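Below is one structure; the comments refer to it alone.
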Amino acid sequence: MSASGGTKAIVAALAANLAIAVAKFVAFLFSGSSSMLAESVHSLADSGNQGLLLVGGKKAQREATPQHPFGYGRERYIYAFLVSIVLFSVGGMFAIYEGYEKIKHPHEIEHWYWPVGVLVFAIIAEGFSFRTAIVESNLTRGKLSWTQFVRRAKAPELPVVLLEDLGALVGLILALGGVGLALATGDGVWDGIGTLCIGILLIAIAIVLAAETKSLLLGESAGVEDVEKIQASVVDGDTVTRVIHMRTLHLGPEELLVAAKIAVRAEESAAEVAEAINAAETRIREAVPIARVIYLEPDIYDEAAAAAGTNPGKEAGGPESPDAPAGSGH
């Protein structure tokens, strides 16, 4: 997996969650706290999440085949979607069930020092994992806000780990609050309420991640900056005079497909047009290295037809009318 895939952040989160899951389960066995049981399942689910992300990253590295000519880059999107739908939802629904049962049948927490000690340890460990995810994200986030980064990131791993760690930290605080109130009041209902809140939190995060990864699975275009770089790279002012229309599509986080119809001068020979297209492809790859699959179709731009609205989609960068045949606007 490439650096933008956040392998370091995933491994850090996996190590932290495995250790925390064991500690929480031991605390549950000694104390009987439903918050600890819900949190141990949460950490175990998070560990599975990171495992899925690593598997997806490995599968995405496979070479293209005749059956899959554009490669397997979207495997990372599929596994991120599985994380958001299956594991987060399983953890959330389990926590809601446990919270409901504890509220319905409350019992006193035993050996309080076990859950409190484990929760403090877990907060420290999750804080380390969260810090690693933030550092790795800052390498690619640029000037984007955190909300914009989660919504616009083409590599799904870092947003997933960020939201996982954030949810884990908030969940730990909720668990600590539920256990603390149960100990202070002697009423185990508070432990169940804390567990219920953890479940609601996990499901909310699952919905956010599902929405973002679904967009990636459907296929997203290149970012605005990359689109501008590609358009500027295509035109040489000599043979290629403008971009009539262009489409971009992420085949994976680090692989971009570019398809464009470009205007060339009518008097140019086929050899000159072919040479200009090859040069344009080279310029595109230099400007946007992830543009690995490029299709450029030469055409003759008819400014009068475009001005008359015969084919308004022929404006530079604009979408071509779906009913217009290839080459219209001559």
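If a residue has to be among the basic types (K, R) and in a helix (DSSP H, G or I) to count, how many in the range 205-263 make the cut?
To start, the set of residues in the range 205-263 that are among the basic types (K, R) comprises 214, 229, 242, 247, 261.
From what's left, in a helix (DSSP H, G or I): 214, 229.
Adding up the residues that qualify gives 2.
Looking at V227, is it within 27 Å of E75 (Cβ to Cβ) and open to solvent by 30 Å² or more (accessible area, probe 1.4 Å)? In short, yes. Are any residues in the range 9-46 more than 20 Å from L176 (Cα to Cα), open to solvent by less than 10 Å² (accessible area, probe 1.4 Å) and of a type in the set (G, A, S), and if so, which ones? Correct list: A9, A13.
Scan the range 90-111 and tell me whether some residue there is open to solvent by less than 20 Å² (accessible area, probe 1.4 Å), touching a residue at least 40 places away in the same chain (Cβ under 8 Å) and outside any helix (DSSP H, G or I).
Checked against the condition, which is being open to solvent by less than 20 Å² (accessible area, probe 1.4 Å), touching a residue at least 40 places away in the same chain (Cβ under 8 Å) and outside any helix (DSSP H, G or I), the range 90-111 yields at least one hit.
Residues are listed down the side, and each one gets a yes or a no for (1) open to solvent by 20 Å² or more (accessible area, probe 1.4 Å); (2) at pLDDT below 90:
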| position | (1), (2) |
| --- | --- |
| A266 | yes, yes |
| A276 | no, no |
| E281 | yes, no |
| P289 | yes, no |
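One residue stands out among those in the range 147-173 that are in contact (Cβ under 8 Å) with a residue 12 or more places away in the chain, open to solvent by 40 Å² or more (accessible area, probe 1.4 Å) and part of a helix (DSSP H, G or I): the one that is farthest from L218 (Cα to Cα), which is I173. Total residues in the range 137-146 satisfying the condition of being more than 17 Å from A9 (Cα to Cα) and surrounded by 17 or more Cβ atoms within 10 Å (Cβ to Cβ): the figure is 0.
Apart from one condition, V120 fits all of (1) surrounded by fewer than 21 Cβ atoms within 10 Å (Cβ to Cβ); (2) of a type outside the set (K, R); (3) in a loop (DSSP other than H, G, I, E, B); the exception is (3). Hey, any hits in the range 54-65 for a residue that's open to solvent by less than 20 Å² (accessible area, probe 1.4 Å) and either without any contact (Cβ under 8 Å) to a residue 12 or more places away in the chain or part of a helix (DSSP H, G or I) (or both)? Checked the range 54-65: at least one residue is open to solvent by less than 20 Å² (accessible area, probe 1.4 Å) and either without any contact (Cβ under 8 Å) to a residue 12 or more places away in the chain or part of a helix (DSSP H, G or I) (or both). Take the conditions open to solvent by 10 Å² or more (accessible area, probe 1.4 Å), over 30 Å from E225 (Cα atoms) and modelled with pLDDT of 90 or more and apply them to I193. Does it pass? Answer is yes for this residue.
Mind checking whether some residue in the range 76-83 is of a type in the set (G, A, S), open to solvent by less than 50 Å² (accessible area, probe 1.4 Å), in a helix (DSSP H, G or I) and modelled with pLDDT under 85? Give the steps one after another, and end with the answer.
Initially, the range 76-83 is screened for residues of a type in the set (G, A, S), giving 80.
So of that shortlist, the ones also open to solvent by less than 50 Å² (accessible area, probe 1.4 Å) come out as 80.
Now narrow it down to the ones that are in a helix (DSSP H, G or I): 80.
From what is left, the residues that are modelled with pLDDT under 85 are none.
No, the range 76-83 has no match at all.
When the criteria are applied in full, I134 fails the requirement of being open to solvent by 10 Å² or more (accessible area, probe 1.4 Å) and more than 21 Å from G6 (Cβ to Cβ).
If you go through the range 238-252 one residue at a time, do you hit one that is in contact with a Leu (Cβ under 9 Å, 6 or more places away or on another chain) and surrounded by fewer than 17 Cβ atoms within 10 Å (Cβ to Cβ)?
yes
The values are calculated or read from the model by the stated rules, or taken from the named source; none is laboratory data. For clarity, every value in this text was computed on a predicted model and none was experimentally measured. Backbone-built Cβ (ideal geometry, glycine too); neighbour counts: all protein chains shown. To get the accessible areas, we keep the full protein, side chains included, count just its heavy atoms, and leave off ligands, DNA and RNA. Shrake-Rupley method; radii C 1.70, N 1.55, O 1.52, S 1.80 Å.
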